[in-house]
Every structure is written in structure tokens, then in C-alpha cells.
1. Working only within the stretch 125-173, note down all residues that are closer than 30 Å to Lys108 by Cβ, surrounded by fewer than 17 Cβ atoms within 10 Å (Cβ to Cβ) and polar (S, T, N, Q).
2. I'd like the full set of residues that are closer than 30 Å to Gln130 by Cβ, among the aliphatic types (A, V, I, L, M) and either in contact with a strand residue (DSSP E or B) (Cβ under 7 Å, 6 or more places away or on another chain) or free of Cβ contacts under 8 Å to residues at least 60 places away in the same chain (or both), limited to the stretch 152-195.
3. Just one of (1) of a type in the set (Gly, Ala, Ser); (2) modelled with pLDDT under 90; (3) within 24 Å of Asn132 (Cα to Cα) trips up Ser90, so point out which.
4. Yes or no: Leu97 at pLDDT below 95, outside any helix (DSSP H, G or I), in contact with a strand residue (DSSP E or B) (Cβ under 7 Å, 6 or more places away or on another chain) and of a type outside the set (Gly, Ala, Ser)?
5. Which condition number does Ser122 fail, the rest of (1) in the same structural domain as Ala75 (by TED's automatic domain parsing); (2) at positive phi being met?
Amino acid sequence: MAWGESFGDNVLFILIKTCGRGSVVAKRIVVYFVLAWVALASPGWAAEKGGAQSVVPEYRIGPGDVLNIEVWKDAALSRLVTVLPDGKISFPLVGELTAGDRTVAELKKEIEGKISRYVSDSPLTVEVRQINSLHVYVLGRVNAPGRFVLTSNVTVLQALAIAGGPNAFANRSQIRILRQEGGKTIRSPAFDYDDVTAGKHLETNVLLQRGDVIYVP
């Protein structure tokens, strides 16, 4: 593990403890620091042996995301669309199509293929204008439990920091991550907060997925 990673986690640990007992101003300062730290960090999947990390996966569109779809010089085929709870969107000349759990490139390719019979040689632009579906839940014995809408990928430790960290009554060695996979709820191995902040078992500090629930007993 690089010195910078160890230093960042240690500072984060100190700030979490400060947030639990500080003034309102101090807590705001801590929140701003955490948000900046999360934005500037480059999280990956669990750290592999030798300190290497996997590449952050490409963003996949989710329900509630706002997409901007534009056909160059054609106002009738340019609009903002919101992804429905079932992952579907509607677009002129195309009708209904699935946007949920697809990358921007995948969605753009499908729309281009379907409108090419009506509009030729017109560049198409697809972009995520607003992210509303990237959220995680931090529940149990933390200082600020709740649902958190994110603008970047975060790890377990970063999500705990956003929630104010474990409180004084938390069982810090038995934190669990609950994830939906294939219609089933999967529970992770135990995440030991003190071990991870001390630089141990960093493989458990995984990158969270949309909808993950962190439970601190």
C-alpha cells in the first residue's frame, strides 16, 4: 500500500472521530473535506496483492438519470429524457428502448442504428446530464445514517465517512455490505473498520455498487 493511501485513510479516520463530537461548524468542515477527498480519490476494486487496483468500471445508466440526446441540426430529435424505474426511455422515430444498466456508448450505438433509416449522416450525441441513480444506504450504528446520492464511485470506507463514521456503540469489526444480485440479497464477509483504517485486510474495502446497503451493527 502506498504511503499516500495510508495517510489519506488515517486522516479520514481522525476526521470521522472529530465529526462525532465536534461543533456544527467543525462537522461542516469535515463534510466538505470528505466530499473533496472522495472526488479527488481514484477508487478501484479491492486492492490486489502487490498493491495494484482494478480499473473503475464504466458508468452504467440507472433509473432516474437524466439523459441529453441530440441529433445535430435537428431540434425535433434533440431532448432531455428521464430513465423510468423500469430502465426504459422513449425517443422519436425509435419508440421505447432500454437504457438502464447500459453504458452511454451502448445506448448511443443502438439509437444510431435505429434512426439511420430516417436520418443519415447526422452526428448523434448522448450524455448523462444528471446522475440520480447512483446511491447507497448506510444504516445502523453510524452518526448520520441514511440514503446517499453520489456523483462518483466510492469504497466502503468512504461511504462510512460520508455517514459520519461508526458511533460509540457500533460493533466495528462486523460491518456488512448487502447487495442485490440475480434477485437475491448477498451478504459480504465482515468488514473490520479498525483493521482497514490500520492498513489491514484492504481487500474488504471494495468499491460499492448502485443500491448497496452498508449495515453497522
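The values are calculated or read from the model by the stated rules, or taken from the named source; none is laboratory data. As the structure is a computational prediction, the values presented were derived from the model and not from experiment. Heads up, the Cβs are rebuilt from the backbone with ideal geometry, glycines too, and the neighbour counts pull from every protein chain shown.
1. Of everything in the stretch 125-173, those that are closer than 30 Å to Lys108 by Cβ, surrounded by fewer than 17 Cβ atoms within 10 Å (Cβ to Cβ) and polar (S, T, N, Q) turn out to be Thr125, Gln130, Asn132, Thr151, Ser152.
2. Val156, Ala159, Leu160, Ile162, Ala163, Ile177, Leu178, Ile186
3. (2)
4. Working: at pLDDT below 95: yes; outside any helix (DSSP H, G or I): yes; in contact with a strand residue (DSSP E or B) (Cβ under 7 Å, 6 or more places away or on another chain): yes; of a type outside the set (Gly, Ala, Ser): yes.
For Leu97, the condition - at pLDDT below 95, outside any helix (DSSP H, G or I), in contact with a strand residue (DSSP E or B) (Cβ under 7 Å, 6 or more places away or on another chain) and of a type outside the set (Gly, Ala, Ser) - is met.
5. Of (1) in the same structural domain as Ala75 (by TED's automatic domain parsing); (2) at positive phi, only one is false for Ser122: (2).
One line per residue, one yes/no per condition, for (1) surrounded by fewer than 14 Cβ atoms within 10 Å (Cβ to Cβ); (2) within 24 Å of the chain's Cα centre (by Cα); (3) at pLDDT 95 or above:
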position: Pro57; (1), (2), (3): yes, yes, no
position: Arg60; (1), (2), (3): no, yes, no
position: Glu70; (1), (2), (3): no, no, no
position: Ala76; (1), (2), (3): yes, no, no
